[in-house]
Amino acid sequence: MNEQKFEVWAPDAQTMHLMLGTRRLELAARDDGWWELPASARPAVHSEFDYGFIVDGRGPYADPRSLRQPAGVHALSRSFDVSAHIWQDASWTGRQLAGAVIYELHLGTFTPEGTLEAAATRLDHLQSIGVDFVELLPVNAFNGTHNWGYDGVLWYAVHEGYGGPAAYQTFVDSCHQRGIGVIQDVVYNHLGPSGNYLPQFGPYLSEAAGNTWGSSLNLDGPHSDPVRRYILDNALMWLGDYHVDGLRLDAVHALRDSSATHLLEQLAVEVAALSAKTGRPLTLIAESDLNDPRLITSREANGYGIDAQWSDDFHHAVHVALTGETSGYYADFEPLDALAKVLTHGFFHDGTYSSFRERTHGRRIDRERTPTWRLVVASQNHDQIGNRAVGDRLSAQLDVGQLAIAAALTLLGPYTPMLFMGEEWGATTPWQFFTSHPEPELGTATATGRISEFARMGWDPPIVPDPQDPVTLERSKLNWSEQVEPEHARLLEFYRALAVLRRTHPDVTDPRFDQIAVECDAAEGWLRLHRGRTKILINLGERSVRIPAGGGEIVLAFATAGDALQGRLPNALQLAPHSVVVLA
C-alpha cells in the first residue's frame, strides 16, 4: 500500500473501492492491472488509520501488502510508518555466514511471554554460547493467536501477538547492538488455510500445481510477473526496511517455477544488489529436500546463487548414530559409515538409492570448489522435533554425554551449525505442533492431515497431541529455570566451551573439504573426526573403548559420568562411554 496513492493490484476486478474508516472511495484502474485512488480524491489522513479494499462489491479485505493487522487477518489493515523507527545500529556492518553459529527460535515458545520484547531480554544468554545469528521462525500474520508460523496469509505484516512491526524493528536493533545478526524464516511456497484473500484480488495461486500444503504460488503462469514481484518485494522489505541480515527460504523444492530465470535466481540477483547498496552482507539460506548443489552454485557457474542450504542428511545421520532409530527416512542412515560420509561429503544421498523415496536421490557436491559453510546443519531443529509424534527432543532419549556428542558434531563439524532453542542446556520441554484455528473443522482437518502425512514414520495416532488444545502450546514453551539444575548446567557450560573453542581454534571453522578426514569403527562404536590438526574423538557406545590417536593436548572433554579420558596409551586414548574428547 502506498500511503499517497492507496494502490492495489487486481487485474481481473471490474470495480475497486477503498474503505478508509467509514468512508468508501472509488479507485481508478490503470493499464497494468493496478488500481489507485485518483489524486483529486485523496483525503487527508492521520498518521495512523484503518483501511481495506472492496473488490467487485466483496469485502472489505485487508491490503495484500498490509504491514499491520492489529485485529487479525480477517479485519482491516492499519497503517504503519516503517521510517519512524530511529535505528541505533549504525555501527553494525553485518556478519558473513562463514564461521557463524545460528540459533533457531520460535517467538511464541522461546519465553513465557512469547513476545519480541521478551526475546530481547535473552540476548545476553545467546551471546554466552557464541550465537552469531538468531533465526526467527515465520512472524507473518496468520489467523488465530498462536501457530508455528507456516500458516501465514499476509506476508508483509508482523503477527500482532508478537508485538507487531514496531517491536520487530526494536528487536533487530537490539540484536545488532550486541553483535548478533537476524535471519528471518519466510514461506513463499504456500499460504495458510484461513484468511487468505489474495485470490479475491488476482491470480496469486497456480491452478496447475500444488504441494503438500495446498495451492502453489503462480510463479510462471499468466499474470505471474506481479506475483513474483509480490514475493521479491517482501524479501527486500525484510532486508531493507527491517535491517534483517538474511532469509531462510522455506521448502524451496515446493516452488513450482518453469521460467527461464527461476525465482530463486532472480531473488539472489536482487538481494546481491541490495547488499551492494547497503554495504553489508545479506544471506539467503534455502531449505531444500532435493540434495541439489545447483542451489548453492554461483550464477557464473549456471547455479542459482543462493548462499547456503540446509542438509537434513547430517541430522538423520547424527540422530541414527545416537538413538539407533531407523524407521521411515532414517532407514538408510543405519550404518555408522553414513555419518562418516555426511561429514566428508556433505550429503549422504548424492546420487544414491533412497529406500524411503524408492528412487535415486541427490547429486554430488563439488568438494574442490564448494566451501563447507554453504551447508547449514543441526542435530535438532523445529521440523525434526516438531514433526515427531509427540514433539520429543533428543533429551527424551539420550543421556547428557550423548547430547554433548551431538553438540560437538554440530559445532565442531565442518558445516554451518544451527542450534534449536533450549538444546544448549538439554531442555526437557517438548516442541509440539500447535495451531489455534478459530474454525473447528479446520483444526480437525489439520490434525488428521498431519497424521496421514507422517504415516510412514510409524506414528501411533492416539498419542499425538491435539494441536488445537492450548495445553499443547503451553507445554512447548521453554522452561528457563532448568538451566541451574546440575546436569543441565554442566551441558550448558560445555556449549559455552565449544563457543570458545570455535573462536580460538581456526581448524574448526576451516571451510575446506580437503581438511576433513573421518575414521570410524561400527563394531566398537567410535568415530574420529579430523579438522586439520584438531581431532574430535567420540565414543558412541555404552562401554569404555580404545580409540587410535596420536599426540596432542586435550582442550575439551565431556562424558556422561566421570572423566571422559580413562587412560592414555602411546598411540591411543581410552574413552569413557558416551564421551567426547578434543585434541589440538
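The values are calculated or read from the model by the stated rules, or taken from the named source; none is laboratory data. Because the structure is predicted, anything quoted here is derived from the model rather than measured. All Cβ positions, even for glycine, are placed from backbone atoms using ideal geometry, and neighbour counts span all protein chains on display. With ligands, DNA and RNA removed, areas are computed over all heavy atoms of the protein, side chains included. Shrake-Rupley method; radii C 1.70, N 1.55, O 1.52, S 1.80 Å.
Of the residues making up region 163-197, those that are in a helix (DSSP H, G or I) and in contact with a strand residue (DSSP E or B) (Cβ under 7 Å, 6 or more places away or on another chain) number 5. Scanning region 198-219 for residues that are buried (at least 19 other Cβ atoms within 10 Å of the Cβ), under 26 Å from the mean Cα position of the chain (by Cα), of a type outside the set (A, V, I, L, M, F, W, C) and assigned to a loop (DSSP other than H, G, I, E, B) turns up TYR204, ASN218.
Could you list, in sequence order, all residues of region 506-544 that are in a helix (DSSP H, G or I) and either aliphatic (A, V, I, L, M) or over 31 Å from the mean Cα position of the chain (by Cα) (or both)? Answer for region 506-544, where residues must be in a helix (DSSP H, G or I) and either aliphatic (A, V, I, L, M) or over 31 Å from the mean Cα position of the chain (by Cα) (or both): just VAL508.
Of the numbered conditions (1) more than 19 Å from the chain's Cα centre (by Cα); (2) open to solvent by 10 Å² or more (accessible area, probe 1.4 Å), TRP373 fails exactly one; give the number of that condition. Only one criterion is unmet by TRP373, namely (1). Residue-level check: of (1) modelled with pLDDT of 95 or more; (2) within 35 Å of the chain's Cα centre (by Cα), ILE54 misses just (2). For region 346-368, the set of residues classified as closer than 28 Å to GLN515 by Cα and in contact (Cβ under 8 Å) with a residue 40 or more places away in the chain consists of GLY346, PHE347, HIS349, ASP350, HIS361, GLY362, ARG363, ARG364, ILE365, ASP366, ARG367, GLU368, listed by residue number. One residue stands out in region 155-194 among those that are of a type in the set (A, V, I, L, M) and open to solvent by 10 Å² or more (accessible area, probe 1.4 Å): the one that is farthest from TRP310 (Cα to Cα), namely ALA166. Evaluating GLY59 against the criteria (1) open to solvent by 20 Å² or more (accessible area, probe 1.4 Å); (2) outside any loop (DSSP other than H, G, I, E, B); (3) within 30 Å of ASP510 (Cβ to Cβ); (4) not polar (S, T, N, Q) leaves one unmet condition, (3). Scanning region 66-94 for residues that are open to solvent by 60 Å² or more (accessible area, probe 1.4 Å), within 24 Å of GLY240 (Cα to Cα) and in a loop (DSSP other than H, G, I, E, B) yields ASP81, ILE86, GLN88, ALA90, SER91, THR93. For region 106-125, indicate whether the set of residues that are touching a residue at least 60 places away in the same chain (Cβ under 8 Å), assigned to a loop (DSSP other than H, G, I, E, B) and of a type in the set (Val, Ile, Thr) is non-empty. Yes, there is a match, as at least one residue in region 106-125 is touching a residue at least 60 places away in the same chain (Cβ under 8 Å), assigned to a loop (DSSP other than H, G, I, E, B) and of a type in the set (Val, Ile, Thr). When VAL471, VAL500 are checked against the criterion of being hydrophobic (A, V, I, L, M, F, W, C), under 30 Å from GLN96 (Cα atoms) and more than 23 Å from the chain's Cα centre (by Cα), a single residue qualifies: VAL500.
Return yes when GLY443 is out of contact with any Leu (no Cβ under 7 Å at 6 or more places or on another chain), at positive phi and open to solvent by less than 40 Å² (accessible area, probe 1.4 Å) and no when it is not. So GLY443 fails the test.
Determine whether ALA272 is assigned to a helix (DSSP H, G or I), free of Cβ contacts under 8 Å to residues at least 24 places away in the same chain and over 19 Å from ASN189 (Cα atoms). No, not satisfied. Taking strands (runs of 3 or more DSSP E) as the structural unit, those lying wholly within region 294-367 and holding at least 1 residues that are over 21 Å from the mean Cα position of the chain (by Cα) and surrounded by fewer than 20 Cβ atoms within 10 Å (Cβ to Cβ) correspond to 352-354, 359-361.
Scan region 220-251 for residues that are in a loop (DSSP other than H, G, I, E, B), at negative phi and open to solvent by less than 20 Å² (accessible area, probe 1.4 Å) and the total you get is 4. Scanning region 458-488 for residues that are among the hydrophobic types (A, V, I, L, M, F, W, C) and open to solvent by 30 Å² or more (accessible area, probe 1.4 Å), we see that the one that is farthest from GLY214 (Cα to Cα) is VAL484. Of the residues making up region 388-444, those that are polar (S, T, N, Q), modelled with pLDDT of 95 or more and out of contact with any helix residue (DSSP H, G or I) (no Cβ under 6 Å at 6 or more places or on another chain) are SER395, THR410, THR429.
The listed residues are ALA389, ALA427, and the only one of them that is open to solvent by less than 30 Å² (accessible area, probe 1.4 Å), assigned to a loop (DSSP other than H, G, I, E, B) and closer than 25 Å to LEU540 by Cα turns out to be ALA427. A search for C-beta distances below 7 Å between a residue of region 210-221 that is over 13 Å from LEU198 (Cα atoms) and any residue that is open to solvent by 30 Å² or more (accessible area, probe 1.4 Å) and not in a loop (DSSP other than H, G, I, E, B), counting only pairs 6+ apart in sequence or on different chains, returns THR212/GLU453; GLY221/ALA208.
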